[in-house]
Amino acid sequence: MPRFYLTTAIDYVNSRPHLGTAYEKITADVIARFKRLSGVQTHFVMGNDEHSQNVFRRARDLGQDPLAYCDRMEQEFREVWGALDLSFDDFIRTTQPRHKAAVETIVNRIAAAGDLYQADYEGWYCVGCEAFKQEKDLVDGLCPIHRTKPDWIKERNHFFKLSAYRDRLLAHFAEHPEFLQPDVRRNEILRLLEAGLDDISISRAGQSWGIPLPTDPSSVVYVWFDALINYASAVGLGTDPALLDTWWPADLHVIGKDITRFHSVIWPAMLMSAGLPVPRQVFGHGWVHLRGEKMSKSLGTAIDPLEAAQRFGTDALRLFLTKEIPYGADGDFSYERFEERYNTDLANNLGNLVNRVAAMAVRYRRGRLTPTGSPSRLQDLAATTVREYGDAMESYALHQGVASVYRLLDATNEYLAERAPWTLAKDPANDAALDEVLFTAAESLRLATVLLGPVMPASTQAILARLGDHASIAARRLATDGAWHNGDARTVTSGEALWPRAEPRPEPSGTP
Ligand code: ME8
């Protein structure tokens, strides 16, 4: 069975998840679920990035022990991720012993390769970004992302010879055009590589919160150097060679566009130096905006993902984020637009179609639908849809994958309007035609629902059960469930109306 190891960025825990960070996890979950549906053995890992100064300061401000604070935040993150129906297989925390073992392994290997040296560092450091900044990175003396003045720091640090890896990185980019996607990100990083690389500091002197540098325990490992290693520690680097052998290198790192340099330049160079294979692909998604600005806690533009999910249900939110934001580009979130799309895509389209097909099956055939075997236009379109959907999802054009399913749903609605089963039902002479229409519409709907499974796991399971298909999510496969089933009789049941139309109501409290 083919294997796929997929990760997301690990989150800083100085505040709870917001809709922007949740977007990344939801879209990665869609990819993980699509891979499983495709019959690929998938390992999906998420986690928390805990050795940040912000986390330490936040715990101190609350009068809490930093580790106890991180334990509590893990529970809060897990609660949000659970409510968003994320199907991760493992959750890594950078304070775990397995992570420390991996960090020590990599630092020791890099030191043994002769790629570490000591030097004085003097310059700017933005704690919000947890990044060393150059004068040219600042706007009016401020960090352009956090709009705060960075700290001026002067300390003796350990440096990694990143500059020595420029040519190998350029060669890797040339040999593997798929390594960094989408192409706009790849072009940005290529320009950066062509301009040359500076060595980077990988330690912070005089700090207590972090993993002691194995080659100099009076310093801790710089939080980004520490954090990137999570992808290898989660699959056993330094602790479980068999697990590492099973899953490394990672197939895909899903991350935000602001951190592509860390993932596509620094991380592969660290691995090259340590003699480990580099990940196969990095995908830098865009930002969720609120009124044109990046959604962010520090900018006060955050929306609570739980509140958004409660509005029309988790699956409605997952659909909105996947379908409405072209994957790789930025996109706006607003409750007005969310409601509009909910009414159009779920209440009026998919929900209405399920309600109508089930109600007619029950009314005219007591739920028993018999296949007629006659080919239809919808059957042809379904085959095209499965192909287009597969191609789009494989290349992470998630929005196009969903759009192709919606073309099939639209065509199913049109088919019902044209064939008008409610008219056919008036005359027993039309019995065979009525059987054909009901079966064809139900089958087309079943197939479209299977394809939407990775995006809306819970509600598609409920719809499939209503259509007489009771397989578990784990047992579903695109190769079989995504084929047109001409041979199976089935029993359809009607139930509560799905996704009732939303009527306008005031914005929930707390919305900026
Ligand atoms: O960067 N829209 O953590 P983080 C879309 N700990 N994605 C967004 C976003 C938005 N408005 N805001 C943030 C870190 N993100 C590091 C990562 S990985 C070894 C270490 C994304 O909590 C952001 O780009 O600030 C990142 O991929 C993720 O959320 C976590 O952000």
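What follows draws every value from the coordinates through simple rules; no lab data is involved. For clarity, every value in this text was computed on a predicted model and none was experimentally measured. Please note: Cβ atoms are built from the backbone with ideal geometry, for glycine as well, and neighbour counts cover all protein chains shown.
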Karplus-derived HN-Hα couplings along the range 84-101 (A = 6.51, B = -1.76, C = 1.60, θ = phi - 60°), whole Hz, x at Gly and Pro:
8, 6, 7, 9, 5, 8, 8, 10, 9, 10, 7, 8, 6, x, 4, 6, 4, 4
Under the Karplus relation with 6.51, -1.76 and 1.60 and θ = phi - 60°, whole-Hz ³J(HN,Hα) for the range 208-224, x at Gly and Pro, equal 9, 8, x, 8, x, 5, x, 8, 6, x, 7, 10, 10, 5, 4, 4, 6
Identify unpaired cysteines across the chain, taking unpaired to mean no other cysteine Cβ lies under 4.7 Å from the residue's Cβ.
Cys70
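Taking 30 Å as R0, compute the FRET efficiency from the Cβ-Cβ separation of Glu307 and Arg60 and round it to 0.05.
Values: r = 29 Å, r/R0 = 0.96.
Efficiency, from the Cβ-Cβ distance: 0.55.
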Would you grab the residues whose amide H sits under 5 Å from the one on Leu180? Only those 5+ places off in sequence or on another chain, please, with H modelled 1.01 Å from N.
Val282
Calculate how steeply helix 166-175 sits against the longest principal axis of the alpha-carbon atoms of the chain, using the helix alpha-carbon long axis, and give the answer as 0 to 90 degrees to the nearest 10.
20 degrees
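How big is the Cα convex hull of the range 1-74 in projection, averaged over all directions, in nm²? Let's see the in-between values first.
Values: hull surface 21.7 nm².
Orientation-averaged projected area of the Cα hull: 5.4 nm².
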Where in the range 414-512 are there GluC sites (Glu not before Pro) that are in a DSSP coil and have at most 16 other Cβ atoms within 10 angstrom of their Cβ?
Glu496
Please give every one of the aspartates and glutamates within straight-line cross-link reach of Lys161, meaning a C-alpha to C-alpha distance under 18 Å, and leave out same-chain neighbours fewer than 8 residues apart.
Glu104, Asp115, Asp120, Glu122, Glu194, Asp198, Asp199, Asp216, Asp226
So for the pair Glu188, Ala483, with labels modelled 7 Å out along Cα→Cβ, what separation do we get in nm?
4.4 nm
Please work out the Cα convex hull volume for the chain and give it in Å³ per residue.
152 Å³
Cα-projected label distance for Ser218 with Ala164, points at 7 Å along beta-carbon direction, nm:
2.5 nm
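Evaluate E = 1/(1 + (r/R0)^6) for Asp120 and Ala502, where r is the Cβ-Cβ distance and R0 equals 56 Å; express this FRET efficiency to the nearest 0.05.
Working: r = 60 Å, r/R0 = 1.07.
Efficiency, from the Cβ-Cβ distance: 0.40.
May I ask you to list the chymotrypsin sites (Phe, Trp or Tyr not before Pro) in the range 419-512 that are in a DSSP loop and have at most 15 other Cβ atoms within 10 Å of their Cβ? Please report the intermediate quantities before stating the final value.
On the way: sites: Trp422, Phe439, Trp484; in loops: Trp484.
In loop regions of the range 419-512 (DSSP not H, G, I, E or B), there are no sparsely surrounded chymotrypsin sites (Phe, Trp or Tyr not before Pro).
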Give the share of C-alpha pairs in each 10 angstrom bin for the range 180-249, from 0 to the last occupied bin, in whole percents, shortest bins first.
18, 27, 35, 21, 0
Potential extension, Ala420-Ala195 segment - 0.36 nm per residue separation minus Cα distance
74.5 nm
Per-residue ellipticity at 222 nm attributable to helices in the chain (runs of n ≥ 4 DSSP H, -39500 (n - 2.57) apiece, nearest 500 deg cm²/dmol) works out to -14000 deg cm²/dmol
Restricting to DSSP loop positions (anything but H, G, I, E, B) with no more than 16 other Cβ atoms inside 10 Å of their own Cβ, which trypsin sites (Lys or Arg not before Pro) remain in the range 318-383?
Arg366
Working from Cα positions, state the angle (0 to 90°, nearest 10) between the long axis of helix 431-452 and the longest principal axis of the chain.
0 degrees
In nm, to one decimal, how far is the Arg337 label point from the Glu155 one, both placed 7 Å along Cα→Cβ?
4.1 nm
